[in-house]
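Q: Below are the structure tokens for one structure; questions will follow.
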Amino acid sequence: MEKQEKRLFGEFQDVPTAKWEEQILKDLKGADYAKKLNWKTDEGFTVKPYYRSEDLEQIAWLRALPADFPFVRGNKVSGNDWLVRQEITVTDIKQANEKALDILMKGVDSLGFELELEKNYSINEIEQLLKNIRADIAELNFYCTKQHLQLVNILEKLVIKYNRPLDAIKASINFDPLARYARRGNWYTSEEEDFCLAFELIKASAKLPQLKVIGVNGHVFANAGATIVQEMAYTLALGSEYLSRLTDKGLFVGEITPKMKFNLAVGPNYFMEIAKLRAYRLLWAHITNAYGLNDANNGRMHMHVTNTTHNMSLYDPYVNMLRTTTSSMSAILGGTDSLTVQPFNVPFEKPTAFAERIARNQQLILKEESYFDKVADPAAGSYYVESLTQSLVEEAWKLFLSIQEEGGYVAALKNGTIQQQIAESTRKRDLNIATRRDSILGVNQYASTTERLKTVLAPEVFEADDRTSADAEIETIKTYRAAQAFEQMRYETDMYSLQNKRPVVWMLTYGNLAMRKARAGFAANFFACAGYEIVDNIGFESIEKGIEAAKAAKPSVVVLCSSDEEYADHALKAYQALKNDAIVVLAGNPAETVELLKNAGMQHFIHMRSNVLETLIDFQKQLGIARQ
């Protein structure tokens, strides 16, 4: 029989873009297309409501295969496997070793050992830490140490002692004086000596070709609140600084890049984060090529990814599992080489065995049950993701070049440029959270009205992580969680309520059924963010009966919930009757009625344009809930 090929969906006729646009304009009925459907990202470019094949016509890499330069489609020829990594804090060597052996039997194939910063480990101690661990099978990573060169020598001696193949050892030692300079404001020893040590580390690790000795810790910028474009530009500038300094010392770029590992963080913007990792690889490939690669494979970016803590929460902490799952999916689909999933309770306590098991299993499920490891670059060809990748490439490259024109990464830090740009981004982001243009579930939106904290927490839970040294030369970069300001306010309510009656917010609902329910729901969600007790009511037959019930209930706050028309008739009466018994609030913002009520002395109006954080802090003060 003659072989026939049938096109999938061939029975459907192609619809040209002009036809789609014509129908969209018709459906909008005269509304502004750009304002209604296009949206501007924090990264500074516009995202369209839909994309077509013609959007990909100018994208150069579409014909590239996985593992081909510029590696936008990943480093692997086939499949999408990654290393499942878990972190271990080393306080007791024997216990750390036991834990490592345990989790290696539970699906982990990459270990991250957080060492004690000031401790000098002997070869015997490292040998005990790695006892019965096959270094040629499991990846070994060491960080938070000043003992970089010693660790390289120790690892080489142990590999030889146990007769492991030198070229099979996958490991890393996270030496990153440039990120340290941004965080602490000083160098390990001095600027010159730190780069001399980087040179020595590369030379000393030559016999272990898969040992990465230079860390590029871009996660610092993500957790400090930088936009994705800023994070990319600063991280690439940091990496480029190593290439410049080390090639000046006589190393060839092909000696340097295989010894570098990029430690990155992924956040909640699902498709943008997928595109970010793809764009990272492309830009790094072109940067390294500019230094004169003799082997295209040395232009590969080796990346380890973890979830950002920037959007994680103390309250409603199990939502953190959802946050880390979606961001982990972004990391995997974007082609990370290894992944650490943050335990859900990391914002407020040392991760428990349960939290670590859940975190470990999140990526095991994505690998073993969802088969995310089977297809190389699954986002390839997506009109949307490819277009996002192109936009990130263009915008990050522009910012990267501006940093280079300023003299590079260190010069930009010393001039305060990077710090100022991050500060502006965090100001905008924090304002969006305060006004609920951006949501943190369980914190500034849909807070649980039954969740109560009774445990005294360390102040650091609510503060930025400031690692500035006493002799800092520059303004340092601080990391923080975006939810901290809301959480501190709510925590103050919880601590206050251990000794006092929890403030009660009481809904005086009357009149129009739809409006009173909608506004009561809005007000309940608004005040729940501060941890107050919410009392809703099904509706009173008259304003008089509502006033009478409010007086009998004796709440801290009474919220008037009705329609604008009924506010005009009854709100002033309710305010005057209740102002001496409670704080009276109006849910809504009808201009004429608000002006009338303000003239009568009423001060509190909550609506969609309210700054929720500022408003609730003001209520805290009026209710006598002092800052802890």
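The values are calculated or read from the model by the stated rules, or taken from the named source; none is laboratory data. All values derive from a computational prediction rather than experimental measurement. Reconstructed Cβ throughout: ideal geometry from the backbone, glycine too, with neighbour counts over all protein chains shown.
Q: Would a scan of region 402-420 turn up a residue that is within 19 Å of the chain's Cα centre (by Cα), within 26 Å of Ser330 (Cβ to Cβ) and part of a helix (DSSP H, G or I)? Give the steps one after another, and end with the answer.
A: The first filter runs over region 402-420 and keeps only residues within 19 Å of the chain's Cα centre (by Cα), leaving 418-419.
Checking the rest, the ones that are also within 26 Å of Ser330 (Cβ to Cβ) come to 418.
Applying the additional criterion that residues be part of a helix (DSSP H, G or I) yields 418.
Yes, region 402-420 has at least one match.
Q: Just checking, does region 165-186 include any residue being surrounded by 15 or more Cβ atoms within 10 Å (Cβ to Cβ), of a type in the set (Ser, Thr, Tyr) and part of a loop (DSSP other than H, G, I, E, B)?
A: no
Q: Among the residues of region 421-442, is there at least one that is of a type in the set (S, T, N, Q) and touching a Phe, Trp or Tyr at 6+ places or on another chain (Cβ under 6 Å)? Talk me through it step by step, then tell me what you get.
A: Let us first name the residues in region 421-442 that are of a type in the set (S, T, N, Q), namely 421, 425-426, 432, 435, 439.
Subset that is touching a Phe, Trp or Tyr at 6+ places or on another chain (Cβ under 6 Å): none.
Looking through region 421-442, none of the residues is of a type in the set (S, T, N, Q) and touching a Phe, Trp or Tyr at 6+ places or on another chain (Cβ under 6 Å).
Q: Of the residues Lys374, Lys454, which is among the basic types (Lys, Arg), assigned to a loop (DSSP other than H, G, I, E, B) and within 30 Å of Val84 (Cβ to Cβ)? Show your work before the answer.
A: Numbers: Lys454 fails: within 30 Å of Val84 (Cβ to Cβ).
One residue alone meets the criteria, Lys374.
Q: Now for a different question. Under 7 Å by Cβ, and 6 or more places apart or on different chains, what pairs join a residue from region 238-256 that is on the phi < 0 side of the Ramachandran plot with one that is surrounded by fewer than 16 Cβ atoms within 10 Å (Cβ to Cβ) and of a type in the set (Gly, Ala, Ser)?
A: The qualifying pairs are Val253/Gly292.
Q: Next up: Which number in (1) under 30 Å from Ser563 (Cβ atoms); (2) assigned to a helix (DSSP H, G or I) marks the one condition that Asp494 misses?
A: That leaves (1) as the condition not met.
Q: Moving on. Taking the options Asp471, Asp465, name whichever one is in contact with a Phe, Trp or Tyr (Cβ under 7 Å, 6 or more places away or on another chain), in contact (Cβ under 8 Å) with a residue 12 or more places away in the chain, closer than 19 Å to Arg180 by Cα and not assigned by TED's automatic domain parsing to the domain that holds Ala179.
A: On the way: Asp471 fails: in contact with a Phe, Trp or Tyr (Cβ under 7 Å, 6 or more places away or on another chain).
That would be Asp465, the only listed residue that is in contact with a Phe, Trp or Tyr (Cβ under 7 Å, 6 or more places away or on another chain), in contact (Cβ under 8 Å) with a residue 12 or more places away in the chain, closer than 19 Å to Arg180 by Cα and not assigned by TED's automatic domain parsing to the domain that holds Ala179.
Q: Then there is this: Go through region 190-226 and give me each residue that's in contact with a Ser or Thr (Cβ under 6 Å, 6 or more places away or on another chain), assigned to a helix (DSSP H, G or I) and hydrophobic (A, V, I, L, M, F, W, C).
A: Result: Ala222, single match.
Q: Can you tell me which of Trp39, Trp61 is surrounded by 12 or more Cβ atoms within 10 Å (Cβ to Cβ) and of a type in the set (A, V, I, L, M, F, W, C)?
A: Working: Trp39 fails: surrounded by 12 or more Cβ atoms within 10 Å (Cβ to Cβ).
From the options Trp39, Trp61, the qualifying one is Trp61.
Q: Within region 257-283, restricting attention to residues that are of a type in the set (Phe, Trp, Tyr) and in contact (Cβ under 8 Å) with a residue 60 or more places away in the chain, which residue is surrounded by the fewest Cβ atoms within 10 Å (Cβ to Cβ)? Show your work before the answer.
A: Residues of region 257-283 of a type in the set (Phe, Trp, Tyr): 262, 270-271, 280.
Okay, now just the ones that are also in contact (Cβ under 8 Å) with a residue 60 or more places away in the chain, so 270-271.
Values: Tyr270: 14, Phe271: 18.
Among those that are of a type in the set (Phe, Trp, Tyr) and in contact (Cβ under 8 Å) with a residue 60 or more places away in the chain, it is Tyr270.
Q: Do we find a residue being assigned to a loop (DSSP other than H, G, I, E, B) and modelled with pLDDT of 95 or more anywhere in region 362-369? Outline the logic, then answer.
A: Keep residues of region 362-369 that are assigned to a loop (DSSP other than H, G, I, E, B), which gives 369.
Still in the list and also modelled with pLDDT of 95 or more: 369.
Checked against the condition, which is being assigned to a loop (DSSP other than H, G, I, E, B) and modelled with pLDDT of 95 or more, region 362-369 yields at least one hit.
Q: Since Val443 meets every condition but one in (1) in contact with a strand residue (DSSP E or B) (Cβ under 8 Å, 6 or more places away or on another chain); (2) not assigned by TED's automatic domain parsing to the domain that holds Pro343, which condition does it not meet?
A: (1)
Q: Any residue at all in region 362-380 that is at negative phi, β-branched (Val, Ile, Thr) and buried (at least 19 other Cβ atoms within 10 Å of the Cβ)? Before the answer, list the steps.
A: First, pick out the residues of region 362-380 that are at negative phi: 362-370, 372-376, 378-380.
Cutting the leftovers down to β-branched (Val, Ile, Thr) gives us 365, 375.
The next check asks that each one be buried (at least 19 other Cβ atoms within 10 Å of the Cβ); those that pass are none.
No, because not a single residue in region 362-380 is at negative phi, β-branched (Val, Ile, Thr) and buried (at least 19 other Cβ atoms within 10 Å of the Cβ).
Q: Further question on the same structure: Which one of Val72, Val47, Val15, Val77 is over 30 Å from Lys170 (Cβ atoms), of a type in the set (A, V, I, L, M) and touching a residue at least 12 places away in the same chain (Cβ under 8 Å)? Steps first, answer last, please.
A: Working: Val72 fails: over 30 Å from Lys170 (Cβ atoms); Val15 fails: touching a residue at least 12 places away in the same chain (Cβ under 8 Å); Val77 fails: over 30 Å from Lys170 (Cβ atoms).
Going through Val72, Val47, Val15, Val77 in turn, the sole match is Val47.
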